[in-house]
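Undergrad: Got a structure for you, written out below as structure tokens; questions coming shortly.
Read the figures in this text as sums done on the coordinates, not as results from a lab. All of these numbers come straight from a predicted model, not from anything done at the bench. Here Cβ is always computed from backbone atoms with ideal geometry, including for glycine, and neighbour counts include all displayed protein chains.
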Amino acid sequence: MSEHPVEKTDEQWRAELTPQEFRVLRRAGTEAPFTGEFTDHFAEGVYSCRACGAELFRSRTKFASHCGWPSFYSPLAADRVRHLSDTSIPGRPRTEVRCASCGSHLGHVFEGEGYDTPTDQRYCINSVCLDFTSSRED
Ligand code: FE
């Protein structure tokens, strides 16, 4: 059994994704702050993985963090994302967030920052990793 339900080679991902999408999703890159299409986007709907289409976040958990990237206080369901230890920056351990379905990098999650949200967590997600589908939420 493979690690993720959706497994593709780099060659396949390169063919399906733009160079920037590939760099962020498949190479754990980061889009420049305040440049992503969903940073200040607050329409009602669902955000899915741009690589595999899995539904990841709901608009009702999106909040204005003013950090420069789309911010959510929780994933759509706990099993939609995976958390990995990221020690790529010395002295600044972080928790990486990946799509549980295809393993693509989405961003990082930070907690205890004092945002007035139900979880005190900030899923800091690159816009380029997401697609948005408008829908009414209950
Ligand atoms: Fe995915």
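Undergrad: Suppose R0 equals 30 Å. What FRET efficiency, 1/(1 + (r/R0)^6) with r the Cβ-Cβ distance, do R14 and F42 give to the nearest 0.05?
TA: Values: r = 32 Å, r/R0 = 1.08.
The value I calculate is 0.40.
Undergrad: Further question on the same structure: Tell me, L130, L76 in order of fewest to most beta-carbon neighbours within 10 Å? Spell out each step's value before the answer.
TA: Values: L130 21, L76 18.
The most exposed by this proxy come first: L76, L130.
Undergrad: Here is a further query. Test of understanding: given the chain, find the longest segment containing no GluC sites (Glu not before Pro) that are in a DSSP loop and have at most 13 other Cβ atoms within 10 Å.
TA: Working: sites that count: E3, E7, E37, E44, E113, E137.
After excluding every exposed loop site, the longest remaining stretch is 45-112.
Undergrad: Further, regarding this structure: How far is it, in nm, from the label point at E3 to the one at R94 when both lie 7 Å from their Cα along the line to the Cβ?
TA: Each label point is offset 7 Å from its Cα along the Cβ direction, giving 1.9 nm.
Undergrad: Tell me, what is the Rg over Rh of the chain, with Rh the Kirkwood radius over Cα pairs?
TA: On the way: Rg = 14.3 Å, Rh = 15.2 Å.
Here Rg/Rh amounts to 0.94.
Undergrad: Still on this structure, please answer the following. With a cut-off of at most 14 other beta carbons within 10 Å, and DSSP calling the residue loop, which chymotrypsin sites (Phe, Trp or Tyr not before Pro) in the stretch 33-138 qualify? Please list them. Can you show the working numbers first?
TA: Details: sites: F34, F38, F42, Y47, F57, F63, F72, Y73, F110, Y115, Y123, F132; in loops: F34, F38, F42, F63, Y73, Y115.
Those satisfying the criteria are F34, F42.
Undergrad: Moving on. How many nm is it between the label spots at R82 and R136, if each spot is 7 Å from the Cα in line with the beta carbon?
TA: 3.8
Undergrad: Relative contact order of the chain, please, whole-number percent, based on alpha carbon pairs below 8 angstrom and at least 6 residues apart. The partial results should precede the final answer.
TA: Numbers: 278 pairs, mean separation 40.1, N = 138.
Relative contact order for the chain comes out at 29 percent.
Undergrad: Can you give me the distance in nm between label points at T35 and E113, each placed 7 Å from the Cα along the Cα-to-Cβ direction?
TA: Inter-label distance under the simple model: 1.9 nm.
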